[in-house]
Amino acid sequence: MNNSNLFWVFILALWPWASCFSQQETIETVRGPIEVSALGFSLTHEHVMSNFGKPQGSTSVYDEESLFKQVLPYLKRLKSLGVDAIFDCTTAYFGRRIDLLKKISEQTDINIITNTGFYGGANDKYIPQLAYRKQAAEIAEIWINEFENGIEGTSVRPGFIKLAFDSGTPSEIDLKLFEAGVLTHLKTGLTLAVHTGENIEAAKSEMHLLEKNNVHPSAWVWVHANKVTEDKPLLDAAKKGVWISLDGVNETNYKNYAQRIQNFKKKQLLNQLLLSHDGNGFPAGGTIRSFDAIVKFLIPELIALGFTPKEIDLLTKENPQKAFLPSIKLIRDKN
């Protein structure tokens, strides 16, 4: 074999390794993929707009003129306050509109990350009938297709999976949707952000289904965990790798949130916290439910309590990047 042939044998042998090193860690936004490190200051649970409360058949219909008139100036102001990215948690069947999100993102220069999944809260009001007929694997194929081929015929792909549980004993449909979400994660690496709130029984069921499928707890965000009144269940979950989302911050309760965040700091678990407001820029056409209290009130309060700039960046930049970076998270050792 001559030197030229040896050269190409060497290159081909290295090619799989070279491909690994060249891959970028990206996340999908409504304007296309970006490096996850470019997310910047992120709000991980907001609604740019939604028609939550309206009948399922009308949730995707908006007064677009009024919507843009209200939302665009507000998001531009958020951008001026330092917000770089918003994870939009309005799902299909209760108001997700990819075309409108893309226009809003383009005109405000805020990266908006949309979702796949179905919302199982609100007494199942926004679950499509097809979900009852199909098996979990068939539902997962719908969501996987959105990730692989784009949502509703567009090039926009979801950046996470949004699901929800009602209060009380988890229902058959909520469990089936969560199972579908786990199957979607195993194919796409998308993180599951699941409205769980104070429902400890649902949280235990979610943990069980993750373990059953060999999925690490860090694939799951406990959404609305702030509704759990005691910190211990949240601290215990965080120790296992669960992302704890304290996402109800407003200008009247931020001091309580600061205290809870301090409790996580004392246990060296700041690296498992996500912060947001569950705000809404256009709630069924109504006035804004604001999502600026973290910047205006909570962060100054944390600084006054001795939190360092590095810790603030951890909570608002680094944690969202790690939580939502698409990667299949498996339990490596069950023993």
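What residue among Leu81, Leu302, Leu163 shows peak mean-square fluctuation when the chain is described by a Gaussian network model with Cα springs under 10 Å? Ranking Leu81, Leu302, Leu163 by mean-square fluctuation puts Leu81 first. Take the Cα of Glu64, step 7 Å toward its Cβ, do the same at Lys267, and the gap between the two points is 4.7 nm.
The GluC sites (Glu not before Pro) of the range 195-254 meeting both criteria, a DSSP state outside H, G, I, E and B (loop) and at most 14 other C-beta atoms within 10 angstrom of the site's C-beta, are Glu230, Glu251. Label positions at Ala137 and Leu314, each projected 7 Å from the Cα along the C-beta direction, are separated by 4.3 nm.
Considering the chain as a Gaussian network with a 10 Å cut-off on Cα pairs, which listed residue, Gly53, Gly159, Gly32, attains the greatest mean-square fluctuation? Maximum fluctuation in the GNM of the chain, among the listed residues, is at Gly53. Stretching Met207 away from Ile303 to a fully extended chain increases their span by 31.2 nm, per 0.36 nm per residue minus the current alpha-carbon distance.
List the pairs from Lys102/Lys267; Lys232/Lys317; Lys69/Lys134; Lys102/Lys212; Lys79/Lys134; Lys79/Lys240 whose alpha-carbon separation is above 31 Å, in the order I gave them.
Violating the 31 Å Cα-Cα cut-off are Lys102/Lys267; Lys69/Lys134; Lys102/Lys212; Lys79/Lys134; Lys79/Lys240.
Distance between the pseudo-spin-label points of Arg332 and Ile200 (7 Å out from Cα toward the beta carbon): 3.2 nm. When only the Cβ of Lys, Arg, Asp and Glu is charged (+1, +1, -1, -1), the dipole of the chain relative to its Cα centre reaches about 480 debye. Packing, taken as the mean count of other beta carbons within 10 Å per residue, orders the peptides 306-312, 240-246 from highest to lowest as 240-246, 306-312. Coupling constants for the range 290-303 follow from the phi torsions by the Karplus curve (6.51 cos²θ - 1.76 cosθ + 1.60, θ = phi - 60°), and in residue order they are 5, 9, 10, 5, 5, 5, 7, 10, 5, 4, x, 5, 5, 4 Hz; glycine and proline get x. Take every Cα pair under 8 Å whose residues are at least 6 apart in sequence, average their separation, divide by the length of the chain, and the relative contact order is 20 percent.
Comparing Val48, Val36, Val221 in a Gaussian network model of the chain (Cα springs below 10 Å), the most mobile by mean-square fluctuation is Val36.
Between the C-alpha center of the range 64-85 and that of the range 86-111 there is a gap of 11 Å.
No lab work stands behind these numbers, since they all come straight from the coordinates. Everything numeric in this text was worked out from a predicted model, so none of it was measured. All Cβ positions, glycine included, derive from the backbone under ideal geometry; neighbour counts span all protein chains shown.
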